[in-house]
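Down below is the structure, laid out as C-alpha cells.
Just so you know, all these numbers are worked out from the coordinates, no wet-lab data involved. Just so you know, these numbers come straight off a predicted model, no measurement behind them. Glycine also receives a Cβ, built like all others from the backbone with ideal geometry; neighbour counts cover every protein chain displayed.
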Amino acid sequence: MHDHTILEEKLRESLASVLPITLIVAALCFFVVPVPPDLMLLFLVSSVLLVVGMALFTIGADMAMTPIGGLIGTRMIQTRNLPLILLLSFLLGVAITVSEPDLQVLAKNVPHIHSGALILTVAVGVGLFLAVALARILFAVPLRWLLIVFYGAVFALAFLADRDFLSVAFDSGGVTTGPMTVPFIMALGVGVSSIRSDKNAAADSFGLVSLCSIGPILAVLLLGFLSGGSSTAAAPAAVQALDSTVALGRACLEAMPHYALEVSMALSPIVIFFLLFAWMALSVRRRQMKRILVGVAATFLGLVLFLTGVNVGFSPMGQTLGAQIVSGKTAHLLVPVAALMGWFVIAAEPAVHVLTAQVEEVSAGAIAAAPLRLALSVAVSAAVALAMVRVRTGLPILWILLPGYGLALLLSFVTPPIFTAIAFDSGGVASGPMTATFLLPMAMGACGAIGGNVAADAFGLVALVAMTPLITIQVMGAGQKLLAGRRPAAPAAAVFDDLEVIELWQLTEQGGD
C-alpha cells in the first residue's frame with residue numbers, strides 16, 4: 001500500500017474517532033448548553049489537530065514502534081539469558097510507557113500529583129509487570145491465577161489507600177494500554193512465546209496487556225502511601241479566554257514548542273535505547289533503519305499536534321461542558337449525554353472494528369462481529385454513565401470495581417478461553433484516546449461545578465471503561481457456550497476451545513497494511 005493511501009486510511013480512522021464527539025458537542029452547545037463562542041471555535045480547531053495528530057501518530061507507531069519491539073524482542077530471546085531478558089523487558093517497559101500519549105494526557109489532568117512523578121511511577125509499574133508477563137510465558141504459568149493473585153493484592157491495598165490516589169491509580173492502569181504501548185509489548189510477547197514448542201505457546205502469548213495494566217495500579221497506590229496523601233484538593237484547570245481569531249491561532253502556535261519539548265523528552269529514551277541496541281547487538285538493514293527513523297519522526301509530529309489539540313481546546317471544552325450541564329436546568333442530562341458519548345466513542349474506535357472483524361474471521365463465524373461490537377458499546381456506555389453517577393453521588397469507586405472485577409474473574413472459570421482472552425485484552429482497546437482527552441475532563445468539570453472531590457469522584461472513569469468489557473464479553477461468551485451445548489450437532493462448541501488467539505499487535509499491523 002502506498003504511503004499516501006496509508007495516510008488517507010489513517011485520517012479516515014482518526015476522523016471516525018473524533019467526529020462523533022465533535023458533532024454531539026456541537027449540537028449541545030448550539031441548542032442546549034451555552035458556552036463562549038471562542039471556546040467553541042478553539043474546540044473545532046483542536047478537533048482538526050487531533051484528527052491529523054492521531055493519524056500521523058498511528059502511522060509512526062506502525063512504522064517504528066512495532067518493528068522496534070519485534071527486533072529487540074527477537075534478539076533478546078536469542079540470548080536465552082533469563083536475567084538479561086527480564087532486565088531488558090523492564091527497561092523497555094519503562095521507556096515505551098513514558099511516550100504513551102494517553103498517559104501524558106492523564107498526568108496533565110491530575111493537579112494533586114506531579115505529572116513527572118506520576119508518569120515515572122506508572123512506567124516503572126509497567127516495566128516490572130512486563131517482565132512478570134514475559135516470565136509467565138516462559139514458564140507457562142496460567143494467566144487466570146496470576147490475575148487472581150495480583151488483583152487480590154490491588155484490592156487489599158486499595159482499602160488502605162488515600163481517596164485522592166485511589167481513582168487515579170485505577171485510571172493509570174487503563175491509559176497505559178494505549179496505541180504506543182500495546183503493539184510494542186505484544187510484539188515482545190510473541191517473540192518470547194516462540195521459544196516454546198508446546199501446543200499452548202501461542203495461547204500463552206496473550207495476557208500481556210491485562211498484566212501490564214495491573215502494574216501501574218499497584219505503583220500509584222504505593223506512591224500514595226509514600227507521599228502521605230495529597231496536600232491540596234484537586235480542581236479542574238482554568239479555561240483560556242480568547243478575544244479574536246488571531247489570539248486563537250497564537251494560542252495554538254505558542255503551545256506547540258512546549259509540547260514539542262515534552263514529546264522529545266518522552267520519545268528519547270526508547271529511541272536512544274534502540275539505537276544503542278542496534279549498534280551493539282542488531283544488524284538492521286539501512287532501508288529498514290530509514291523507515292524506522294521516518295516512523296519516529298511521524299510519531300513525534302503526531303504527538304505534538306495531538307497534545308496541542310488536547311490541552312488547548314479539547315479538554316477545556318470537556319471541562320466547560322460538564323460544568324455547564326450540571327449548573328443549570330440541564331443537570332439531569334449529564335448521565336444520558338455521557339452514556340450516548342460512550343456508545344459512539346467505542347462504536348467509532350477503528351481498533352474495535354478491526355478486532356471484531358478479525359475475531360469473526362478466525363472463528364469461522366462462530367463469534368460474530370456484530371454481537372461483539374454491541375457488547376463493547378453496551379459496556380462503555382454503561383461505564384461512562386456509572387462514572388457520571390459517581391460524580392453526582394460521590395459513590396466510592398471500590399463499590400463498583402470490587403464486585404466488577406470479582407465477577408469478571410469468576411466468569412473466567414465458565415467462559416470459553418477465547419472470550420476471556422478477548423475480554424481482558426479489549427479493555428485497552430475500549431479505553432481509547434477520546435476517553436482520557438474528553439470524557440474524563442467532562443467528569444472533572446461537572447464534579448468541580450457541584451463542589452465534589454475531583455480526585456476521588458471524577459477520576460476512575462477510565463478504570464470503569466477498561467473494566468466493563470471484561471464482564472459483557474465474557475457473559476456473551478458464556479451465553480454462546482450454553483447455546484452451543486444445547487445443540488450437540490453444531491461444531492461451535494469445539495470452535496470455542498481451539499480458536500486462535502487474537503493478538504492486538506497483529507490488528508495494529510493489519511490496520512496499517
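For this structure, a couple of remarks:
- If you take the Cα centroid of region 33-110 and the Cα centroid of region 137-160, the two points sit 26 Å apart.
- Within region 47-194, the ratio Rg/Rh, alpha carbon atoms throughout and Rh by Kirkwood, equals 1.00.
- Phi-based couplings in Hz for region 135-150 (Karplus 6.51, -1.76, 1.60; Gly and Pro marked x): 5, 4, 5, 4, 9, 6, 7, x, 4, 3, 6, 5, 4, 5, 5, 6
- Couplings 3J(HN,Hα) of region 13-26, computed from phi: 5, 5, 4, 5, 6, 8, 4, x, 4, 4, 5, 5, 5, 4 Hz, in residue order, whole Hz [Karplus 6.51 cos²θ - 1.76 cosθ + 1.60, θ = phi - 60°; x for Gly and Pro].
- Separation of alpha-carbon centers, region 282-300 and region 413-465, rounded to whole Å: 34 Å
- Convex hull of Cα atoms in region 403-476, direction-averaged projection (nm²): 5.3 nm²
- Hull-based mean projected area of region 261-301, where the convex hull spans the alpha carbons, in square nanometres: 2.8 nm²
- Chymotrypsin sites (Phe, Trp or Tyr not before Pro) within region 116-187, DSSP loop, no more than 13 other Cβ atoms inside 10 Å: 159
- Per-residue Cβ neighbour rank within 10 angstrom, fewest leading, 102, 171, 164: 164, 102, 171
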